[in-house]
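What follows is a set of notes on a single structure, which appears directly below.
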Amino acid sequence: GKIEIPGIAPLATPIFQTSTFEFETTAQGAHRFAGEEAGYIYTRLGNPNTTKIGEKLAALEHAEAGMAMASGMGAVTTVMWTVLHAGDHLLADDALYGCTFSFFTHGLTRYGVEVTLVDFEDLDAVRAAIRPNTKAFYFETPTNPNLKLIDIAAISKIAHENCPDAKVIVDNTFATPYLQRPLDLGADVVIHSATKYLNGHGDVIAGMAAGTKEFIDECNLFGLKDMTGAVLGPFEAFLIDRGLKTLDIRVKKHCENAMRVATFLEGHPMVKRVIYPGLESHAKKQMHGGFGGIITFELNATREQSAEFVNSLKLCTIAVSLGDAETLIEHPATMTHSTYTPEALEQAGIGESMLRLSVGLEDAEDIIADLKAGLDNLQK
């Protein structure tokens with residue numbers, strides 16, 4: 001991954017802010033275009049900065065290869081356009097990030113792909129929904145925003161036994177490879193919104209994917225090059241490269257803070273329900289070293305009162321996204337999952353007073369004090 005420049009040996013990979021790369025001869029250019037010689041041609045087809053973070057993600061996810069794209073949705077669409085053809089069937093979990101849900105149900109279906117959403121916690125329902133043309137199984141775990149834990153090994157086994165040529169694709173954004181590695185559990189492809197924990201500082205939009213070298217090559221040469229064009233810029237890749245250096249210590253702190261905040265919320269009378277993998281004994285089956293920084297909780301309150309509570313917070317910021325150094329809070333039904341119909345919200349278990357909290361890196365006591373003040377005020 002390192003570019004050798006005689007006499008210059010920077011520790012950090014410099015930003016290769018260039019659109020195109022020079023060839024020594026026309027023959028060299030021809031060899032590179034023909035794929036007979038490794039090397040850079042044009043940043044849309046590859047750049048040292050994106051190569052570097054692709055290699056880092058592959059190492060973290062125990063994959064043969066990794067790649068970067070311009071957004072989490074760039075990663076989802078690049079992977080899915082590579083896997084699916086008209087006439088194929090996609091089987092996905094019913095709790096998906098709002099834009100993934102839209103792409104599957106309004107996007108892919110326009111182009112002759114059949115899509116079925118079922119609850120992937122129900123393994124019999126998954127088995128029953130498989131068709132002869134099922135080519136992909138897609139899910140997040142923990143899911144967004146209701147933090148369902150889906151058994152990666154069990155779904156992978158069912159998929160590969162019934163559909164040997166289908167791909168099992170897991171969105172690992174919430175857990176990160178620090179806590180969970182889907183490929184080790186039998187999945188074929190792992191996807192991330194790198195906007196979140198991989199970058200970790202709230203200043204980049206990016207997506208990533210990892211899998212076999214053969215599949216990632218196909219995503220690069222077809223899904224990204226021809227279908228989505230969702231190319232990540234060198235500067236964003238540089239920032240993610242920098243963010244990845246502290247992934248372990250950041251995620252550890254997010255997890256410690258979240259566990260303390262979840263325990264506090266569980267004990268407050270204004271909180272109807274707290275959903276956090278750290279409170280579920282079965283989370284340990286596939287998550288190791290912690291349970292993530294996302295807590296979803298429901299208030300004993302109306303939608304209006306829930307909004308009042310959120311508006312009253314001082315430290316917690318009202319914003320979508322997650323995995324930032326700051327604690328962020330949002331209302332899924334009207335924000336991240338507003339693309340869902342009321343029926344789909346109900347099916348996915350996303351309630352009117354449900355709030356999603358991305359616990360940041362501030363002092364846990366400060367986060368708890370802010371939430372406590374808001375909840376105590378609501379209680380009055």
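So, with a 1.4 angstrom probe, what is the percent of accessible area on the range 94-154 that is carbon and sulfur? Show your work: numbers first, answer last.
On the way: 1160 of 2220 Å².
That fraction is 53 percent.
What trypsin sites (Lys or Arg not before Pro) does the range 1-108 have in DSSP loop regions with at most 16 other beta carbons within 10 Å? Working shown, then result.
Values: sites: LYS2, ARG32, ARG44, LYS52, LYS56; in loops: LYS2.
Within the range 1-108, the qualifying trypsin sites (Lys or Arg not before Pro) (loop, at most 16 other Cβ atoms within 10 Å) are LYS2.
For the range 1-93, state the semi-axes of the equivalent ellipsoid (square roots of 5 times the eigenvalues of the alpha-carbon gyration tensor), sorted largest first and rounded to whole angstrom. List each step's numbers first, then the result.
Working: eigenvalues 181, 73, 27 Å².
Semi-axes from the Cα gyration tensor: 30, 19, 12 Å.
Let me make sure I get this right: for the range 35-161, a, b and c are the square roots of the gyration tensor eigenvalues over alpha carbons, sorted descending. Under 1.5 in a/c it's rounded, otherwise prolate if a/b > b/c, else oblate. Which is it? Before the final figure, lay out the partial values.
Numbers: a/c = 1.95, a/b = 1.65, b/c = 1.18.
Since a/c reaches 1.5 and a/b is larger than b/c, the shape of the range 35-161 is classed as prolate.
Let a ≥ b ≥ c be the square roots of the eigenvalues of the Cα gyration tensor of the range 162-224; is it rounded (a/c under 1.5), or, if not, prolate (a/b larger than b/c) or oblate? Each step should come with its number before you reach the end.
Working: a/c = 2.79, a/b = 1.41, b/c = 1.98.
The shape class here is oblate.
Take GLN347 and ARG44, extend 7 Å from each Cα along the Cα→Cβ direction, and tell me the distance between the two endpoints in nm.
Rounded to a tenth, the inter-label distance reads 3.8 nm.
Under the rule of -39500 (n - 2.57) per DSSP H run of 4 or more residues, summed and divided by the residues of the chain, what mean residue ellipticity at 222 nm is obtained, to the nearest 500 deg cm²/dmol? All intermediate terms of the calculation are to be shown ahead of the outcome.
Working: 13 runs with 130 residues, N = 380.
When only DSSP H runs of four or more count, the value is -10000 deg cm²/dmol.
Which trypsin sites (Lys or Arg not before Pro) from the range 225-300 combine a DSSP loop assignment with at most 13 other Cβ atoms within 10 Å? Before the final figure, lay out the partial values.
Details: sites: LYS225, ARG242, LYS245, ARG250, LYS252, LYS253, ARG260, LYS272, ARG273, LYS284, LYS285; in loops: LYS245.
Those that pass, being in a loop and sparsely packed, are LYS245.
How many percent of the accessible area of the range 304-380 is carbon or sulfur, using a 1.4 Å probe? Write down the numbers at each step before the final one.
Working: 1770 of 3420 Å².
Accessible surface attributable to carbon and sulfur in the range 304-380 totals 52 percent.
Accessible area per residue, 1.4 Å probe, Å², for the range 156-239: what's the number? List each step's numbers first, then the result.
Numbers: 3000 Å² over 84 residues.
That works out to 36 Å² per residue.
Of GLU236, GLU326, GLU365, which has the largest mean-square fluctuation in a 10 Å C-alpha GNM of the chain?
Ranking GLU236, GLU326, GLU365 by mean-square fluctuation puts GLU365 first.
Work from the charge dipole of the chain (Cβ charges, +1 for Lys and Arg, -1 for Asp and Glu, about the Cα centre) and give the residue of GLY87, ALA75, LEU322 farthest towards its positive end.
Highest projection toward the positive end goes to LEU322.
Once both labels are modelled 7 Å past Cα along the beta-carbon direction, what's the GLN28-ARG131 spacing in nm?
5.1
Label THR20 and GLU214 with points 7 Å out from Cα along Cα→Cβ: what is the distance between them in nm?
Here the modelled spin labels are 3.5 nm apart.
Classify the range 91-155: rounded, prolate or oblate, from the alpha-carbon gyration tensor (a ≥ b ≥ c, eigenvalue square roots; a/c under 1.5 rounded; otherwise prolate if a/b is larger than b/c)?
Numbers: a/c = 2.42, a/b = 1.17, b/c = 2.07.
The shape class here is oblate.
Hey, in the GNM for the chain with a 10 angstrom Cα cutoff, which one of HIS331, HIS201, HIS282 fluctuates hardest?
Ranking HIS331, HIS201, HIS282 by mean-square fluctuation puts HIS282 first.
For HIS288, HIS89, give the ranking by accessible area with the largest first, probe 1.4 Å.
Details: HIS288 110, HIS89 0 Å².
Output order, biggest surface exposure first: HIS288, HIS89.
Between GLY72, GLY186, GLY107, find the one with the highest GNM mean-square fluctuation for the chain; connect C-alpha pairs within less than 10 Å.
Top of the fluctuation ranking is GLY107.
Give, in nm to one decimal, the length gained when the segment between LYS380 and GLU280 is fully stretched (0.36 nm per residue of separation minus the Cα-Cα distance).
Working: separation 100, 0.36 × 100 = 36.00 nm, distance 3.11 nm.
Working it through step by step, the gained length comes to 32.9 nm.
Apply 1/(1 + (r/R0)^6) to the Cβ-Cβ distance of THR339 and ASP363, taking R0 = 56 Å, and write down the FRET efficiency to the nearest 0.05. Walk me through the numbers on the way to the answer.
On the way: r = 35 Å, r/R0 = 0.63.
Calculated value: 0.95.
Output the relative contact order of the chain, whole-number percent, from Cα pairs under 8 angstrom with separation of 6+ residues. Don't jump to the answer; show the numbers that get you there.
Working: 748 pairs, mean separation 65.7, N = 380.
Normalised by residue count, the contact order of the chain is 17 percent.
Solvent-accessible area per residue for the range 265-351 at a 1.4 Å probe radius, Å²? Display every interim value, and only then the final one.
On the way: 3960 Å² over 87 residues.
In whole numbers, the range 265-351 has 45 Å² accessible per residue.
With charges only on Cβ, +1 for K and R and -1 for D and E, what is the dipole size of the chain about its Cα centre, in debye, rounded to 20? Don't skip to the end; give the middle numbers.
Details: 31 positive and 49 negative charges, 66 e Å.
Approximately 320 debye in magnitude.
Relative to the longest principal axis of the C-alpha atoms of the chain, give the angle of the C-alpha long axis of helix 364-379, reported between 0 and 90° and rounded to the nearest 10°.
That works out to roughly 40 degrees.
Pairs of Cα atoms under 8 Å, at least six residues apart: use those to get the relative contact order of the range 92-150, whole percent. Let's see the in-between values first.
Details: 59 pairs, mean separation 25.4, N = 59.
Value for the range 92-150: 43 percent.
By what distance, in whole Å, do the Cα atoms of the chain stretch along each of the three principal axes, largest value first?
77, 55, 33
Kindly provide the GluC sites (Glu not before Pro) of the range 1-90 that DSSP labels as loop, not H, G, I, E or B, and whose Cβ sees at most 10 other Cβ atoms within 10 Å.
On the way: sites: GLU4, GLU22, GLU24, GLU36, GLU37, GLU55, GLU61, GLU64; in loops: GLU4, GLU22, GLU24, GLU36, GLU37, GLU64.
Here the GluC sites (Glu not before Pro) that fit, given the DSSP loop and packing criteria, are GLU4, GLU22, GLU24, GLU36.
Rounded to the nearest 0.05, what FRET efficiency do LYS245 and ALA319 give with R0 = 22 Å and r taken as the Cβ-Cβ distance? Could you check? Before the final figure, lay out each step's value.
Numbers: r = 25 Å, r/R0 = 1.12.
Once rounded, the FRET efficiency stands at 0.35.
Using the Cα atoms of the range 100-233, I'd like the radius of gyration and the largest Cα-Cα distance, Dmax, both in angstrom.
Rg then Dmax for the range 100-233, in Å: 15.1, 44.
Is there a pair in LYS148/LYS285; LYS135/LYS157; LYS148/LYS314; LYS56/LYS213 whose C-alpha atoms are over 19 Å apart, and which pairs would that be? Let's see the in-between values first.
Numbers: LYS148/LYS285 14 Å; LYS135/LYS157 14 Å; LYS148/LYS314 29 Å; LYS56/LYS213 14 Å.
Over 19 Å apart, Cα to Cα: LYS148/LYS314.
The values are calculated or read from the model by the stated rules, or taken from the named source; none is laboratory data. All values derive from a computational prediction rather than experimental measurement. Positions of Cβ are generated from backbone atoms using ideal geometry, with glycine treated the same way; all protein chains shown enter the neighbour counts. When the accessible area is computed, the model is the full protein with side chains, heavy atoms only, and any ligands, DNA or RNA have been set aside. Shrake-Rupley method; radii C 1.70, N 1.55, O 1.52, S 1.80 Å.
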